[in-house]
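Everything below concerns the one structure shown next.
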Amino acid sequence: MSIETSVNGLAVETRSGMRVELSGALAGLIGGVMMAIVGAALALAIGDDLWKAPKLIATFVVSPATVAAPGFLAGPVIIGSMIHLALSVLFGIGFGVLTTRVWNMPLNYGAPMVLGLVYGLAIWLIAYFIVLPLINPLLLEIYAPAFLIQNLTYGLSTGLAYGVLHSASLVTNLT
């Protein structure tokens, strides 16, 4: 057990285990990979370019003309995938900190998955209606229902993985 300071400045006793940030980062990475898999399956299902999403994400750092060609383009796909996974890790850390340190959420009874779904929905709402129109409107070309399903998948997967990773590390260190 150790003593940490909570958001409101009070000292709280915590069990040692995998740090919240590390659990969140790994959970976010898992969620990001699951989101990409579901995104690829949805793109194929609706007859869209399999590589469209990573190429559009790459337009944060490369010219939109660079990604205009259909099909696989190694540079933009790799850049877009790396940006996607980096953001997934950051949002996963945010999930871990928010749920464990701010809200002191329990890690049982499916609470991480339910909050993960809400978190994924919140990310989609903020990204789709506020952030993307301002900083990268090209990403709005992704079919909105598919983008929503991908974000819900991210939230659910991140919540599930976080609950498993963080609670497993607590049990391992208590024995």
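Filter the stretch 33-75 down to the residues that are in contact (Cβ under 8 Å) with a residue 24 or more places away in the chain and small (G, A, S) and list them by number. Lay out the reasoning, then the answer.
First, the residues of the stretch 33-75 that are in contact (Cβ under 8 Å) with a residue 24 or more places away in the chain: 33-36, 38-39, 42-43, 46, 48, 51-60, 64.
Within the stretch 33-75, A36, G39, A43, A53, A58 qualify.
Taking G116 as meeting all but one of (1) assigned to a helix (DSSP H, G or I); (2) at positive phi, write down the number of the exception. Every condition holds for G116 apart from (2).
Quickly run through the stretch 34-87 and pick out the residues that are surrounded by fewer than 17 Cβ atoms within 10 Å (Cβ to Cβ), more than 17 Å from Y143 (Cβ to Cβ) and of a type in the set (V, I, T). Within the stretch 34-87, V61, V62, T66, I78, I83 qualify.
Pairing residues of the stretch 92-108 that are over 12 Å from T158 (Cα atoms) with residues that are hydroxyl-bearing (S, T, Y) and in a loop (DSSP other than H, G, I, E, B), at Cβ distances under 9 Å and at least 6 apart in sequence or on separate chains, gives R101/S6; V102/S6; N104/S6. Among the residues of the stretch 53-63, is there at least one that is over 23 Å from L156 (Cβ atoms), part of a helix (DSSP H, G or I) and not aliphatic (A, V, I, L, M)? Yes: the stretch 53-63 contains one or more residues that are over 23 Å from L156 (Cβ atoms), part of a helix (DSSP H, G or I) and not aliphatic (A, V, I, L, M). Only residues that are crowded, with 20+ Cβ neighbours inside 10 Å and either touching a Cys at 6+ places or on another chain (Cβ under 6 Å) or among the hydrophobic types (A, V, I, L, M, F, W, C) (or both) were counted in the stretch 94-105, giving 1.
Out of all the residues in the stretch 130-153, is one or more outside any loop (DSSP other than H, G, I, E, B), under 12 Å from A27 (Cα atoms) and either without any contact (Cβ under 8 Å) to a residue 60 or more places away in the chain or out of contact with any Asp or Glu (no Cβ under 8 Å at 6 or more places or on another chain) (or both)? No, that holds for no residue. If you filter the stretch 120-144 down to residues that are over 20 Å from V89 (Cβ atoms) and at pLDDT 90 or above, you find that the one that is surrounded by the fewest Cβ atoms within 10 Å (Cβ to Cβ) is L134.
The values are calculated or read from the model by the stated rules, or taken from the named source; none is laboratory data. The shown structure was predicted, so the numbers you read here are calculated from the model rather than taken from an experiment. All Cβ positions, even for glycine, are placed from backbone atoms using ideal geometry, and neighbour counts span all protein chains on display.
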